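Here is the structure we will look at.
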Amino acid sequence: MPSLTPKIIGGHTYYYARYCQRVDGKPKIVRQVYLGKIDDLVAAAERSQQPPQPLETEIAAFADVAALFDIAQRLDLGQLLDSVLPAKRHQGLSSGQYLLLAAINRAVSPTSKLQFADWYQQTVLTRLLPADPAALSSQNFWNHMDLVTAEHVLECEKQITQRLIQRFQLDFRALVYDGTNFFTYINTRTPAELPQRGHNKQKRGDLRQVSLGLMVSADFHIPLFHKVYAGNVNDSTEFRSITEELSTHYRQLAESCDHITLVFDKGNNSEEAFETLQNTPFHFVGSLVPSQHSELLAIPRRQFRTLTQSGLEGVEAYRTQKKVFGQPRTIVVTFNQNLYDGQLQGLHTHLSKARRKLRDLQTQLQRRRQGKVKGGKAPTLDSVRKQIHTICSAQFVEKILQTEVQQLRQGLELTFRTDQAALDRLCRVQFGKTMFSDNADWTDEEIVLAYRSQYHIEDAFKQMKNPHFLGWIPMFHWTDSKIQVHAFYCVLALLLTSLLQRQLAQKGETLSINRMLEELGGIWETLVVYPRRQGQRKPPTAACLTRMTALQHRLFSILDLQRFAPAAC
C-alpha cells in the first residue's frame, strides 16, 4: 500500500508516494514517486476532474444509412440479388453488395462512381458492410455490373415482389403505372439506343433523354416493376408492349390479393394497349382525354351527385356507360371545386404573363414602325407568329387569346384580345376529370379514390428528379447496359426509402421522404480521438452520436437504431 510522506528540503515541503513491502520479514521501501508541493497535488487533482483535451474527431453518416441497411437486411436484398445475378470471381464484394451500396448512396447522397469510395468511407457502412475502399472504384463496380442484363433485373424484381408479399404484407389491391423521362447530357454522336430526343417533361427537348416506366403499389409507392425504354418512344406504345410482363407480375401478386386494379393516366391510352390489357387478369381505372369526349363534359352540374366519403369533400360525380376502345365501360365524370379554383387561378396567371409579353412585343413592333429602332434584322410575319406561339404555349392560352399580325406599309402591327366566350366555355365544361373503369360493381367513390392514387407514382417520379435524395442524376453513363443498371439501383433506392417511410408511418410518424431522410441524416456517429500517452501504441478513442432533436429521438427509438451504434454510445 502506498503512503504519502512529506519531506522538508530548504524550508519547503515536498511530498512523495512511498510503496513499502516486507522483504525477508522486514519492511522496506521498494518504490518512491515524487509528487511535488501541495499546490502541485491540488492542481493535479483539479486536472483529473476535467475531461482530457481531444486531439481530433471523425464523423460518419449514421442513422440514414443504418436505417436503409436494416430494411435491406429484412429483405435479405444482397443475398437475393446474388442468387440471380451472374457471379464474377471473388474480388472483395459481390454483385448484390455493390448494388446495395449503390442504392443506399443514391437514396441519401447521389454521387458519381468516382466519388463512391469517398462517400462510403464517411459512413458507418464501413462497419456494417466492411470493404476495401479500393474495391469500390468505378472500374471494379462496372466489372461486376456489366454482366447484368435486363432479364436479370426482371427476375430480381419478381423475387423482390415475392419477398414483399411474405415479409411486409403490402396491400396490392391498387397498383399504379406511369412513365416519365430524364434528360441526359449524352453527346449526339454517342452510339446508344436508349438516349433519344423526344418530348421532355422537364422542358429540355434540346437534350437526349431516357424514359422509365414504373409500376408501384398504392401502399406507399413501393416499386414492383420498371422498364427503361428509348426516349423517343410514346408512353402508350411502351405501355402496350409491357402488358404481358405486367400480367406475369399479376400472377405472383394474386397469391396475396385476388382483385388487383391497375391505375394509369390517359398518356398510356391506345386501342392496341386495351386489346392487350383485355387478355390480362388486371382490372383497371383509367382516364379519358376530355377533348375527345366533349358530350360528357357538357353534362350540366345539376345532374351530378355529391360524394360523401371522407377525403372526397367538395367532389361531385356523374356516372354513365359508354363504349371506350371497343368495349362498354363505366364512366365517372367528376367536378372538384378546389381543383376548379386551382386550375382557374393557374390559367389566369398564364394569361396575365402572356398578355404582358404580347404587349412588350406590340411595343417593339410599334417602335420599329415609328423608326425608333432601325438596326438589326427586321421581323417577318413568320418570325412574329413563332414568337406569339411561344408566348401562348401554356395550356389553353392560345384558345383564349386571339392574336392577329398585319403587314402595314411602315412594318408589322400586332393586335390581340381575350375571347371571353371561349374562357367561359372552358370553365364551364373543361375543368374536371373524366375516368373510366371495368370495375362496374365499384361505387363512384371507389373509382375516384383509385384514380386519385396516381399521386403515389407522381410523388415517386418527383422524388427521383430531386437532386438531393433518390436523384436519378448525376448519371455519367452513356452505354445502354450501364443506363439499365443505373435505373435498377435508382429503383432499389426508391424501394428501400418507401419501405422505411411506410415503417415509420405504421408507428405514427408520417413524414415525407425528404423530411425523413433529412432528420435521419442529421444523426451522425462521432469518434473522438485523444492524444496518445507514453506506452500506448494507439491513441485512445471514444464514440458517441451527435445531439438529437425530439423528432430524431423518436425516429431513433422507433427504428431501434441503437443496435447499429458503437458500444460506447
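Numbers at a glance
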item: A273 surrounded by 15 or more Cβ atoms within 10 Å (Cβ to Cβ) and assigned to a strand (DSSP E or B); result: no
item: Selection count, the range 312-336, where residues are under 17 Å from C427 (Cα atoms), crowded, with 20+ Cβ neighbours inside 10 Å and not aliphatic (A, V, I, L, M); result: 2
item: Test result for Y120, open to solvent by less than 10 Å² (accessible area, probe 1.4 Å), more than 29 Å from M548 (Cβ to Cβ) and within 21 Å of the chain's Cα centre (by Cα); result: no
item: Residues (modelled with pLDDT of 85 or more, in contact with a strand residue (DSSP E or B) (Cβ under 6 Å, 6 or more places away or on another chain) and among the β-branched types (V, I, T)) located in the range 6-32; result: T13
item: Neighbours by Cβ (under 8 Å, 6+ apart or cross-chain): first from the range 406-420, farther than 12 Å from L381 by Cβ and among the charged types (D, E, K, R); second open to solvent by less than 50 Å² (accessible area, probe 1.4 Å) and not in a strand (DSSP E or B); result: D419/I400
item: Any hit, the range 358-366, residues being within 24 Å of L296 (Cβ to Cβ), of a type in the set (S, T, N, Q), open to solvent by 60 Å² or more (accessible area, probe 1.4 Å) and touching a residue at least 40 places away in the same chain (Cβ under 8 Å); result: no
item: Scan of the range 413-435 for residues that are buried (at least 16 other Cβ atoms within 10 Å of the Cβ) and at pLDDT 90 or above, ordered by number; result: L414, F416
item: Cβ pairs under 6 Å, 6+ apart, first in the range 59-75 and more than 17 Å from R106 (Cβ to Cβ), second at pLDDT 95 or above and aromatic (F, W, Y); result: I59/W524; F62/W524
item: Lone unmet requirement of (1) in contact (Cβ under 8 Å) with a residue 12 or more places away in the chain; (2) out of contact with any Leu (no Cβ under 9 Å at 6 or more places or on another chain); (3) farther than 30 Å from Q115 by Cβ; (4) open to solvent by 20 Å² or more (accessible area, probe 1.4 Å) for Q395; result: (2)
item: Conditions (1) touching a Cys at 6+ places or on another chain (Cβ under 7 Å); (2) on the phi > 0 side of the Ramachandran plot: number failed by G376; result: (1)
item: Any hit, the range 486-500, residues being open to solvent by 20 Å² or more (accessible area, probe 1.4 Å) and modelled with pLDDT under 95; result: no
item: Filter result (open to solvent by 10 Å² or more (accessible area, probe 1.4 Å) and either touching a helix residue (DSSP H, G or I) at 6+ places or on another chain (Cβ under 7 Å) or free of Cβ contacts under 8 Å to residues at least 40 places away in the same chain (or both)) within the range 96-117; result: Q97, L100, V108, S109, T111, K113, L114, Q115, A117
item: Identity of the residue in the range 55-75, of a type outside the set (A, V, I, L, M) and open to solvent by 60 Å² or more (accessible area, probe 1.4 Å), that ends up farthest from I558 (Cα to Cα); result: E56
item: Residues that are of a type in the set (A, V, I, L, M) and either surrounded by fewer than 24 Cβ atoms within 10 Å (Cβ to Cβ) or modelled with pLDDT of 95 or more (or both), drawn from the range 467-485; result: I473, M475, I483
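The values are calculated or read from the model by the stated rules, or taken from the named source; none is laboratory data. For clarity, every value in this text was computed on a predicted model and none was experimentally measured. Heads up, the Cβs are rebuilt from the backbone with ideal geometry, glycines too, and the neighbour counts pull from every protein chain shown. For the accessible areas, the whole protein counts, side chains as well, though only heavy atoms, and no ligand, DNA or RNA atoms are used. Shrake-Rupley method; radii C 1.70, N 1.55, O 1.52, S 1.80 Å.
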